[in-house]
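The values are calculated or read from the model by the stated rules, or taken from the named source; none is laboratory data. Bear in mind that the values here come from a model prediction, so they are computed numbers and not experimental data. Heads up, the Cβs are rebuilt from the backbone with ideal geometry, glycines too, and the neighbour counts pull from every protein chain shown. Keep in mind that these areas ignore ligands, DNA and RNA; they rest on the heavy atoms of the full protein, side chains included. Shrake-Rupley method; radii C 1.70, N 1.55, O 1.52, S 1.80 Å.
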Amino acid sequence: EKIIMMRTQYGAKGYGLFWLLVEYLFLSGGTARRDSCILSIAIGENSRTIQKFLDDCIDRFKLFDSDGETFWSKRLNRDIDRIVSVSQANQKAAYKMHENRRSRALQQHDLDEPEEEITNDDGITPAQRLHSDCSTIDNTREDNNTSDDTQNSRNTNPGTSSQAKIAYGHFNNVRLTEKECTESIERYGQAIHDEAVEFLSSYKCSSGKEYESDYAAMCSWAYERALEKGSKPSSDQAFVPNQEPLPFELDLEASK
């Protein structure tokens, strides 16, 4: 009934916003800051719209609870322990199954392994000699490659480390090299670059996800989100709630 009352004003879009907030609460451990700016970046909606919608969900529709600084869902917090316990039980079961398979594989290997290997006159088996020869070749190649790489690095960037990554973003967790940062600003402009960094910073903080290359993640989706946000109106007129009453409200009014 609470969700129906919310949808009488906000429609289907309000239903989507509600579940986006529930997902964000789950990723945050059940409780999140009542900060419209952070929520706007996390779920990709105008901050003023989020502020009004969240206030109504807390004060009018009683879908969330709040102490003024943070907000939470009692139902989510009641179920989150069960969800986590089921996940942990599944992890333990998977680990046990892996250990059983590993134990059976080792036992089969022991059964298939010959009791004695043929040795040469010098007491070294063919497998040991082959391993020794391959190791010598690999070490020689590695030394040569290391020497070449070191020489190329010195010739290209003497005395500098241009590949060092610097942390950016509100949560100080988006790592870019100086070259990546310069290329991003030249390609998209300072405003879109900053917006994309904040999108990625908030997402990594809330989800705990890490990327091998944060710049590649920005190219994959963060720039697109930043460009979409830049094209949206910033006033409250960007979101107009549905003010028309539903049929059951008309019936209630008539009965009064």
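Just a few scattered comments:
- Spread of Cα-to-Cα distances over 10 Å intervals beginning at zero, given as percent, for the range 31-88: 22, 45, 26, 7
- Probe 1.4 Å, accessible area per residue of the range 1-50, Å²: 49
- A cut-off of 5 Å between modelled amide H atoms, ignoring neighbours fewer than 5 places along the same chain, links Ala32 with Phe71.
- Projected label points at Ser47 and Trp19, each 7 Å from Cα along the beta carbon direction, are separated by 2.8 nanometres.
- Of Lys2/Lys204; Lys209/Lys229; Lys62/Lys204; Lys13/Lys62, those spanning more than 26 Å from alpha-carbon to alpha-carbon: Lys2/Lys204; Lys62/Lys204
- Those lysines that a straight Cα-Cα span of less than 17 Å connects to Lys179, excepting residues fewer than 8 apart in one chain: Lys165
- Percentage, to the nearest whole number, of Cα pairs in the range 172-229 over 16 Å apart: 33
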